[in-house]
Amino acid sequence: MKKRHVLFLSFILGVCLAFLLVTYHKENVVVVYVAHDQDYSEPILKEFEKQTGIKVKALYDTEATKTVGLVNRLLAEKNNPQADVFWNNEVMRSILLKELGILQPYCSPNAKDIPEFYKDPECYWTGFAARARVIIYNTEKIKENPPTSIFDFTDPKWKGKACIANPLLGTTSTHFAALFAALGDEKAKELLVKMKENDVKVVESNSMVRDQVVVGECWFGLTDTDDAYDAIREEKPVSFVFPDQKNEQIGDLIIPNTVMLIKNSPHPENGKKLIDFLLTPEVEEKLAKIALQMPLKNSTSVPQYVPRVSSIKRMNVSYYQIFEKMNVSNQFIQENFLS
Amino acid sequence: MESRTIKASLIILIALLLVLPLTYFFLQFIPQRIDYQVLIFLYEFVKFVYNKRILKVFAKTFFLGVSVSLFSLIVGFIPAYFLEFRSFRLKNFIRASLFIPFLIPPYLFVFSWLGFLGKRGLFSQIHFLNLSIDIYNPLALIFFLSLSFFPVSMLFISLGFRNITKKILNPIKIFNEKGFWKITLLLLKPYLLISFFVTLSLFFSEYIVPSYLRINTYQSEIFVQLATFYDVRKASFLTLPLVIFSLIVAILSFKVCKIKTEIPDKKFVPPHLIRREKVFFYSFTVIVLVLSLIIPLSVFLAESKLDVLNPLLETKGIFFTSVLFSTLISFSTTFLSNVILFYLRSSQKFVNFLLFFTLLMPTPVLGVVLTTFFSAIKLNGTVLPLIDGYVIKFLPFSLLFMMPEYGKVTKSLESSIRIFSRGSLISFFKIVLPIVKEGFFFSLITIFILCFGEASLAQLLLPPGLQTISLRMETLLHYGNYQAVASLSLSTVFIPLALYSLYALFKGVKR
């Protein structure tokens, strides 16, 4: 190899290294790990930058890795945390982080008007802008009497027509743990066995459930409000219902976003400012408009098409009760439902 | 620079890059004192890993992996043979076209096929026989991944054919067809086996595609331990059989690569295709190209609505970061593997044993290992963990690619270098690298592509504020923004292709 080739290669390497080793060491920054969808969260973080002048360094999760990336990273970084704030899109992993000593309590003044049910009693995490689990169905395949209950997934008339996301991951795993908490272990296990017998398809993610229903590969499925709303906004032939809303039924699972401060974080003051910002009615309003996330604050004004959380009958179990059932539910699913 | 100094520096580098993080991590799980805790640990390990369900999943995954590797090898072998042993028009064009499918990350490859065969797909619109094609099964997994990985086998076997050209010329004349194949396959053995190991390793790195196709694999079992139970210990338990298998590959690859290869014979002029060969080769190539390239690209074109530029401009910063990062990793990894192979040849078995440790290690586990280690030494949050992660991940691949090439650097050549050259490093650059340059470029390109499409290690190790194009594409896929995903997929295929064409043009003009 000629000298000029070596020089050329060294030059390329040098340029690459110089570029990549540029790490921003700005003082006025806040590092946030974001499990919420990037397209919805990024504009909000940009707005925070604009209002406060604090530079936001965000790290987003992807659908494929679920929260495996961010939560495992927070756990592994326990000795030298990099994140100041974790914006989670659900509650179970927030409770897990609290139990494992990753979080620092912070009672934001902006959390006062959020109902107690949606926040940690010791201020380790605070909920805002919630999603709910919904049954999404294809309006071309099901023209009348759509399924309205989780138990409809076991109805023989829908055999092989329904799908759910992998029940070991994401909000579907929380939903099944909630069913264990609400129905009791035996009834929940029976429900899962019957779902399996009824050939309920297991697809990769909630967004895949939406896509399968949109194209009619599944007639209906279980997903989150934001995924369902994406399809409706694009005028796909789908609609959705909140499951189990009748008096004698168990109700639906409401999943708020949660925000929390990381213990021993590098910029705690900026972290608190970001938490305060995320808990303003303006952020809830924005999330309601772009992602159909339902506000938890009464003071938040939202368009008519966004339902109020109070209008949905929710499952009568606390998030801590659901958390206690996560292991037993996941174990059963892994060994009996998915095997 | 003195050879001894370089050797010592290399050993220190390997220790810092690889041995230290892995040792630090696994020591956390192993009992510190030899007492009853060791027995409890062993009991827990055996009970967890060797249960019927896990063994069943492991056996199924292993079978799928071997099938994918074998099919890739077969599909890659046929064009490689014709490309090296026969003359025909548009040879380089066909070679380049057959390599393009590897530029499409496997999850996007499957995404395109789902777009073609699925209910919203093109096929469902045009087929009139009302055929119901179920692609959610293990056969589809073998089909898709074989089509996605075969270009690596093809180019690598091509490299092997080039290195044995001189040797088989005479046997072709002397023996009949049977004798020819016997000798060829024997001489090609290192390339065939290493190609098999590489595709097997690529298969074990894949967990998104099996979950797309609703197939539970061993990789998914490990992923679930991290994503559902957040149990790093159990994920590490499950990783152990893969580590053992990686070490077996290390030993085997060392053995097969002991076979000496030759410096290519440039004088060899291949004969033209005869009619029978023409029909077979062109039909085969057309079928493979339709399945692995035309269908995915047509789906991407249709989904992108021919708007390639806007999504690319929107993500230009991310794209630029990915290109630079992949360039850095491919250069440093390939260079490092060459230096290791040249300077640590005498202790190659031991070095392989150390470096192949991570060949089949699932990337989420490797990511957690490195985050834990770099967090302990307060260097997390920089680009160093990610650079280290990619070097660790791809170094065994580069070593595998380069090992048969170093069969050309014989003992006598080494002695001559030692006697006549001015310095050890200069002789490495001036004499050795030109001999192995084809393998060097092959490794460079392949590592670049693997790095460009990688997402799960990046997710765990990327410093906050940065993003790669693979992560962005996965996010867009989740939103159902298929138009942007398809446009970016086209960009990831055509930009390297344009660069390659420029290079080819430049090379052609120079000649």
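The values are calculated or read from the model by the stated rules, or taken from the named source; none is laboratory data. Being a predicted model, the structure only gives us computed values, none of them experimental. Using ideal geometry, Cβ is built from the backbone for each residue, glycine included, and neighbour counts are taken over all protein chains shown. Quick note on the areas: whole protein, heavy atoms, side chains included, nothing else; ligands and nucleic acids left out. Shrake-Rupley method; radii C 1.70, N 1.55, O 1.52, S 1.80 Å.
Quick look at the numbers
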| read-out | value |
| --- | --- |
| For residues of A:170-176, the mean tally of beta carbons on other chains within 10 Å | 1 |
| Shape of segment A:242-338, Cα gyration tensor, a/c cut at 1.5 | oblate |
| Principal axes of segment B:380-494: Cα extent on each, largest first, Å | 63, 34, 19 |
| Residue among A:Ser299, A:Ser149, A:Ser94 with the largest mean-square fluctuation in a Gaussian network model of chain A, springs linking Cα atoms under 10 Å | A:Ser299 |
| Segment B:255-382 shape via C-alpha gyration tensor axes, a/c threshold 1.5 | oblate |
| Inter-chain Cβ neighbour average for residues A:54-62, partner chain, 10 Å | 5 |
| Area buried, chain B against chain A - accessible surface, total, 1.4 angstrom probe, square angstrom | 5600 Å² |
| The protein assembly as shown shape via C-alpha gyration tensor axes, a/c threshold 1.5 | prolate |
| Among A:Lys187, A:Lys313, A:Lys78, residue whose mean-square fluctuation peaks in a GNM of chain A (springs only between Cα atoms under 10 Å) | A:Lys187 |
| Filter on A:Lys98/A:Lys236; A:Lys98/A:Lys196; A:Lys98/A:Lys246; B:Lys182/B:Lys278; A:Lys98/A:Lys161; B:Lys349/B:Lys408 - keep pairs with C-alpha separation over 30 Å | A:Lys98/A:Lys236; A:Lys98/A:Lys196; A:Lys98/A:Lys246; A:Lys98/A:Lys161 |
| Folded to 0 to 90 degrees: helix A:319-332 orientation relative to chain A principal axis, Cα | 80 degrees |
| Most mobile listed residue (A:Lys159, A:Lys46, A:Lys143) in chain A, GNM with C-alpha springs under 10 Å | A:Lys143 |
| Peptide A:78-87 - average C-beta neighbours from other chains (10 Å radius) | 3 |
| Kirkwood-Stokes translational diffusion coefficient of segment A:282-339, alpha-carbon pairs, 37 °C, 0.692 mPa s, µm²/s | 234 µm²/s |
| Segment A:194-339: relative contact order in percent, alpha carbon pairs under 8 Å with at least 6 residues between | 18 percent |
| Alpha carbon centroid spacing (whole Å) that separates segment B:38-112 from segment B:441-491 | 20 Å |
| Cα-based helix-to-principal-axis angle, A:281-291 vs chain A, degrees rounded to 10 | 70 degrees |
| Shielded residues, segment A:302-339 - accessible-area loss of 50 Å² or more between chain alone and all protein chains, probe 1.4 Å | A:Gln334 |
| Largest to smallest accessible area among A:Cys107, A:Cys163, A:Cys123 [probe 1.4 Å] | A:Cys107, A:Cys123, A:Cys163 |
| Probe 1.4 Å, all protein chains present, accessible-area order of A:Glu204, B:Glu405, B:Glu44, largest first | B:Glu44, A:Glu204, B:Glu405 |
| Scattering curve values for segment B:343-392, log₁₀ I(q)/I(0), Debye with Cα scatterers, q = 0.13, 0.22, 0.24, 0.33 Å⁻¹ | -0.39, -0.82, -0.88, -1.18 |
| Whole-Å distance, taken between Cα centres, linking segment B:361-404 and segment A:124-200 | 39 Å |
| Tail weight of P(r) past 16 Å, computed on alpha-carbon pairs of segment B:41-102, percent | 64 percent |
| Principal-axis tilt of helix A:3-20 within chain A, Cα atoms, nearest 10 degrees | 60 degrees |
| Listing of segment B:309-340 residues, each with accessible area lower by at least 30 Å² in the full protein assembly than in the chain alone (probe 1.4 Å) | B:Leu324, B:Leu328, B:Phe331 |
| Percentage relative contact order, chain B, counting C-alpha pairs under 8 Å, at least six apart | 22 percent |
| Relative packing of A:111-122, B:345-356, which averages over residues the other C-beta atoms within 10 Å, highest first | B:345-356, A:111-122 |
